[in-house]
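The block underneath contains the structure these notes are about, expressed in structure tokens.
The values are calculated or read from the model by the stated rules, or taken from the named source; none is laboratory data. If you're wondering where the values come from, they're calculated on a predicted model, not measured in any experiment. Cβ placement follows ideal geometry from the backbone for every residue including glycine, while neighbour counts extend to all protein chains displayed.
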Amino acid sequence: MTIHYLRRCALLAVIPLAMLAATVAPAMAQQRRAQPPKSVRLYVFDCGVLNIVDPERFRLQRDEIVTNIMAAPCFLIAHPKGTLAWDVGVIPDSALKTPGIPIGQGYAVATKPLKAQMAEAGYSPADITFLAISHYHYDHLANANQFAGATWLARQVERDAMFAELAPTKLNYYANYSALKDSKTIILKEDEYDVFGDGTVILKSAPGHTAGHQVLFLKLAKTGPVLLSGDLYHYPEERSLNRVPTFDFNQEQTAQSRAAIEVFLKKTDAQLWIQHDYVGNSKLKKAPAYYDRRHPAGALTWSRL
């Protein structure tokens, strides 16, 4: 029996396996794709942290806060009628070339690409129906270009600031949103915008931190109502000590928005999830797990006063 003959037999044995793999792989990929849920789901992704070396900018002394580190999460809301990406990263996936190796840029450090985390939950950027960001600072839209195919839900004043000829870029040095300029866009003109028309996913205007800053209210069938803060607050201590950052676009407007949102929280009995709260965020389960179930009393009260 010649070596040539043995090699030929081995090749013939491999070919069917390769054909089988080619057939099975797409099927497995299909199985991993998430199906529309029966009720709203909230996915939380680990998009990194911010090491704030100067909390004085937030009118806070180091000994007044539990930690100077901020979380920088990303979110995906799955609804029976579509999906919404909310705040999409602090460092672009393109910079995270080696899985598991942290990348630092300025205040920010990230390890896990957003796209890979979405895939684990069964989604890709192409599956996203709507994109909304709390505001245009770099730590909330580093991966925005990945979602240029979605319909962008934006406040006019915020969009204008992002694409102005002399756009304020000091807080945007890692932002990556140029492709949004050509995205299909719905300009939000009212204080509240009901994304899917059934009261479960509502964008609320909360200006001050930036001119068009907004927050996101969710009605989760089993978890209950939740409000994602954007940068209405950064540290929980801003809320308890009533401190407004020195660098907000309009500090008086921030105070007014906070007061209005506090009234809204009491009216709706919603939990406030302060997105940058490092301790609070560390308690949240991350994707591919999701929120829709009600938790025991007090399980998610870290953001309440």
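Observations on the model:
- Residues in segment 187-197 that are of a type in the set (A, V, I, L, M, F, W, C) and either more than 19 Å from the chain's Cα centre (by Cα) or modelled with pLDDT under 95 (or both): 2 in all.
- Residue under evaluation ASN51, criteria (1) more than 23 Å from PRO92 (Cα to Cα); (2) at pLDDT 95 or above, criterion not met: (1)
- Residue within segment 79-94 that is surrounded by fewer than 16 Cβ atoms within 10 Å (Cβ to Cβ) and in contact with a Lys or Arg (Cβ under 8 Å, 6 or more places away or on another chain) present: yes
- Failed item in (1) surrounded by 13 or more Cβ atoms within 10 Å (Cβ to Cβ); (2) modelled with pLDDT under 95, with PRO99 passing the rest: (1)
- Entirely in segment 41-111, the strands (runs of 3 or more DSSP E) that have 3 or more residues that are more than 18 Å from the chain's Cα centre (by Cα): 103-105
- All conditions in (1) surrounded by fewer than 20 Cβ atoms within 10 Å (Cβ to Cβ); (2) in contact (Cβ under 8 Å) with a residue 40 or more places away in the chain; (3) among the basic types (Lys, Arg) hold for LYS184, with the sole exception of (2).
- Taken over segment 263-274, the criterion of being part of a helix (DSSP H, G or I) and either surrounded by fewer than 14 Cβ atoms within 10 Å (Cβ to Cβ) or in contact with a Cys (Cβ under 7 Å, 6 or more places away or on another chain) (or both) is satisfied by VAL263, LYS266, LYS267.
- Hey, VAL40 surrounded by 18 or more Cβ atoms within 10 Å (Cβ to Cβ) and modelled with pLDDT of 95 or more or not: yes
- Considering only residues in segment 208-258 that are outside any loop (DSSP other than H, G, I, E, B), touching a helix residue (DSSP H, G or I) at 6+ places or on another chain (Cβ under 9 Å) and aliphatic (A, V, I, L, M), the one that is farthest from LEU188 (Cα to Cα) turns out to be LEU241.
- Within segment 102-117, restricting attention to residues that are touching a helix residue (DSSP H, G or I) at 6+ places or on another chain (Cβ under 7 Å) and crowded, with 21+ Cβ neighbours inside 10 Å, the residue that is farthest from GLN275 (Cα to Cα) is PRO113.
- Conditions (1) within 13 Å of the chain's Cα centre (by Cα); (2) among the hydroxyl-bearing types (Ser, Thr, Tyr); (3) surrounded by fewer than 24 Cβ atoms within 10 Å (Cβ to Cβ); number of the one not met by THR129: (1)
- Selection status of THR246, among the polar types (S, T, N, Q) and surrounded by fewer than 21 Cβ atoms within 10 Å (Cβ to Cβ): yes
- Options GLU237, GLU252; residue that is within 22 Å of GLU158 (Cα to Cα), charged (D, E, K, R) and modelled with pLDDT of 95 or more: GLU252
- Within segment 112-141, the set of residues being at pLDDT 95 or above, part of a loop (DSSP other than H, G, I, E, B) and closer than 15 Å to PRO73 by Cα comprises LYS112, PRO113, ILE133, SER134, HIS135.
- The set of residues from segment 198-207 being part of a loop (DSSP other than H, G, I, E, B) and either surrounded by 19 or more Cβ atoms within 10 Å (Cβ to Cβ) or under 16 Å from the mean Cα position of the chain (by Cα) (or both) comprises THR200, ALA206, PRO207.
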